[in-house]
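The values are calculated or read from the model by the stated rules, or taken from the named source; none is laboratory data. None of the values given here were measured: they were computed from a predicted structure. Ideal geometry is used to build each Cβ from the backbone, glycine not excepted, and the neighbour counts take in all protein chains shown.
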Amino acid sequence: MAEPLRHPGTGRPAGRVDLAHLPVRGRVASSGYVDAITIMPAGGAPKFSAVVTGEGPNRHGTARIRLVWLGQHRVPGIEAGIRLGFEGMVFPVEGMPTMYNPRYEILSPTEA
């Protein structure tokens with residue numbers, strides 16, 4: 001079982017930021033549902049990405065983030081429809097909040 005994401009420097013569980021309230025830049029922990037995944041073709045550099053949408057009233061809204069794992073053709077357990085907790089540095093790429101190589105954990109539908 002994956003260890004819960006922890007707040008840097010304190011070891012306490014990280015508070016999650018709603019995707020609708022992400023800062024433009026900075027370290028955050030959040031969660032949401034994977035709406036889509038993209039796997040780069042074999043001829044290019046390995047890169048796997050997932051678009052995650054918010055939870056609750058933002059689930060089907062515009063609150064989204066792109067998670068990108070460089071050097072990976074697949075990331076274990078990441079597929080469309082799962083609920084995911086993640087942590088890392090967020091910054092805008094082509095107008096969309098993006099995180100590269102985030103820490104992640106797969107959450108059950110009822111985990112808060």
Note to self: Which residue is nearest to residue 30 (Cα to Cα), if the candidates are limited to segment 82-112 and must be aliphatic (A, V, I, L, M) and surrounded by 15 or more Cβ atoms within 10 Å (Cβ to Cβ)?
What the structure shows: 84
Check: Among the residues of segment 34-50, how many are modelled with pLDDT of 85 or more and either touching a Gly at 6+ places or on another chain (Cβ under 7 Å) or closer than 18 Å to residue 93 by Cα (or both)?
Finding: 9
Next item on the list: Please work out if residue 26 is in contact with a Phe, Trp or Tyr (Cβ under 9 Å, 6 or more places away or on another chain), loosely packed, with under 14 Cβ neighbours inside 10 Å and modelled with pLDDT of 90 or more.
Entry: yes
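So that you can scan it fast, the table gives a plain yes or no per residue for (1) at positive phi; (2) in a strand (DSSP E or B):
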| site | (1), (2) |
| --- | --- |
| 65 | no, yes |
| 73 | no, no |
| 77 | yes, no |
| 81 | yes, no |
| 91 | no, yes |
Next item on the list: Within segment 51-84, work out how many residues are modelled with pLDDT of 90 or more, of a type outside the set (D, E, K, R) and under 14 Å from residue 22 (Cα atoms).
Entry: 4
